[in-house]
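The structure appears below as structure tokens.
The values are calculated or read from the model by the stated rules, or taken from the named source; none is laboratory data. Since the structure is predicted, the reported quantities are computational estimates derived from the model, not experimental observations. Counting neighbours? That spans all protein chains shown, and the Cβs are built from the backbone with ideal geometry, glycine included.
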Amino acid sequence: MKIFREPKKLQSWCAARRMEGRRIALVPTMGYLHEGHLSLIAEAKRRGAEEIVVSVFVNPVQFGPNEDFDKYPRDEKADLAKCRAAGATAVFFPTPANMYLDAHSVYVNEESLSKGLCGARRPGHFRGVCTVVSKLFNLVRPHLAVFGQKDFQQATIIRRMERDLNFGIDIVMAPIVREPSGLARSSRNAYLSDAERENALALSQSLAAIKPGPWVPQKRRTERNLAAHGLKVDYVEAVDAETLAPVKTVRKGTAVLLAAYAGKTRLIDNRLW
Ligand code: AMP
């Protein structure tokens, strides 16, 4: 497994693999890898990738000033071992300084799908995500890139960005990997106390209780249920899974998305019909 820290070195290695006709997959992550991330590597393999490039980069541009950039968990050694065991063929560990050169001044902005949900609560977040993912696409020039449904709005925005900017990359969305309790796996789960982890089960449990039919009463029940478990609701929304526009009825093609705080930790989860 190759390890790269310099964008230019990664770029020339990937270009050489592409010239040899190797099918390249990219799996972008912020590290502190868990089963959810590893499932993306497995999905890339299943889709016939011959080179699997995992990027591990806590991207400062997608964090707000009062968010957890500094305390975001990092464990480079463990991440390397997990990537190797999962079958990655290259890992990219850039630094903020070599991804964003002095006077970096070009950003990628999606202007529709990123307005609501997490985009409304985290101004600039998806601008940071689209910018860094565009940079990774240009460095790796993968045939396919794998994202998790865990971050459903993100995967939907990346799909639109790929289409609208003609990247020519197959964007794959892999299902949510959960702990046996139902809690969606997340690097941020490391922040949770035992009590918060218990309360956090209300997210997946609330989603499991939602049924096709009128949304408003179910939204109210979900908000009450999250609050009853000591969670602070950030949003509870039912949207069209393609346009992310709010809907009044849960039916095939609906996505229900939740964001809530357990203590200081912001958690998200979602379910598709
Ligand atoms: P992150 O490191 O949290 O930025 O996540 C990197 C990628 O892994 C994103 O595409 C996430 O959607 C995906 N991911 C994170 N957690 C999960 C999970 N529990 N199941 C599936 N994919 C996940």
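Go through region 201-231 residue by residue and tally those that are over 26 Å from ILE158 (Cβ atoms), in contact (Cβ under 8 Å) with a residue 12 or more places away in the chain and out of contact with any Lys or Arg (no Cβ under 9 Å at 6 or more places or on another chain).
Matching residues across region 201-231 total 13.
Quick check on my filter: what residues within region 182-212 are part of a loop (DSSP other than H, G, I, E, B) and within 11 Å of the ligand (Cβ to nearest atom)? Can you show your working first?
Quick first cut of region 182-212, residues part of a loop (DSSP other than H, G, I, E, B) only: 182-183, 185-186, 192-193, 210-212.
Answer for region 182-212, where residues must be part of a loop (DSSP other than H, G, I, E, B) and within 11 Å of the ligand (Cβ to nearest atom): LEU183, ARG185, SER186.
Only residues that are more than 10 Å from the ligand (Cβ to nearest atom) and aliphatic (A, V, I, L, M): list them for region 143-171, please.
LEU144, ILE157, MET161, LEU165, ILE169, ILE171 - these are the residues of region 143-171 that are more than 10 Å from the ligand (Cβ to nearest atom) and aliphatic (A, V, I, L, M).
Could you check region 29-66 and list, in sequence order, the residues that are without any contact (Cβ under 8 Å) to a residue 60 or more places away in the chain, assigned to a loop (DSSP other than H, G, I, E, B) and away from the ligand (no atom under 13 Å from the Cβ)?
Within region 29-66, GLY48, GLU50, PRO65, ASN66 qualify.
Here is a list: ASP194, ASP170. Which entry is acidic (Asp, Glu) and farther than 29 Å from ARG74 by Cβ? It would help to see each step written out before you state the result.
Working: ASP194 fails: farther than 29 Å from ARG74 by Cβ.
The conditions single out ASP170.
In region 34-55, which residues are crowded, with 24+ Cβ neighbours inside 10 Å and in contact with a helix residue (DSSP H, G or I) (Cβ under 7 Å, 6 or more places away or on another chain)?
Those that are crowded, with 24+ Cβ neighbours inside 10 Å and in contact with a helix residue (DSSP H, G or I) (Cβ under 7 Å, 6 or more places away or on another chain): ILE41, ILE52, VAL53, VAL54, SER55.
Can you run down the residue pairs with Cβ atoms below 6 Å, 6 or more apart or on separate chains, where the first is in region 100-127 and farther than 15 Å from GLN154 by Cβ and the partner is surrounded by 11 or more Cβ atoms within 10 Å (Cβ to Cβ)?
TYR107/ARG127; TYR107/THR131
For GLY87, are the conditions met, namely being at pLDDT 95 or above, under 26 Å from HIS143 (Cα atoms) and surrounded by 20 or more Cβ atoms within 10 Å (Cβ to Cβ)?
On the way: at pLDDT 95 or above: yes; under 26 Å from HIS143 (Cα atoms): yes; surrounded by 20 or more Cβ atoms within 10 Å (Cβ to Cβ): no.
The answer is no for GLY87.
Any residue that is aliphatic (A, V, I, L, M), in contact (Cβ under 8 Å) with a residue 60 or more places away in the chain and buried (at least 19 other Cβ atoms within 10 Å of the Cβ) - is there at least one of those in region 145-163?
Filtering region 145-163 for residues aliphatic (A, V, I, L, M) gives 145-146, 155, 157-158, 161.
Those still in the list that are in contact (Cβ under 8 Å) with a residue 60 or more places away in the chain too: 145-146.
Among the residues that remain, those that are also buried (at least 19 other Cβ atoms within 10 Å of the Cβ) are: 145-146.
Yes; the residues of region 145-163 include at least one that is aliphatic (A, V, I, L, M), in contact (Cβ under 8 Å) with a residue 60 or more places away in the chain and buried (at least 19 other Cβ atoms within 10 Å of the Cβ).
Report, by residue number, each residue of region 92-121 that is touching a strand residue (DSSP E or B) at 6+ places or on another chain (Cβ under 9 Å), part of a loop (DSSP other than H, G, I, E, B) and within 20 Å of PRO65 (Cα to Cα). Explain how you work it out, then say what you get.
Here is the first cut: in region 92-121, the residues touching a strand residue (DSSP E or B) at 6+ places or on another chain (Cβ under 9 Å) are 92-94, 116-118, 120-121.
Retained after the next criterion (residues that are part of a loop (DSSP other than H, G, I, E, B)): 93-94, 116.
Listed by number, the list holds a single entry, GLY116.
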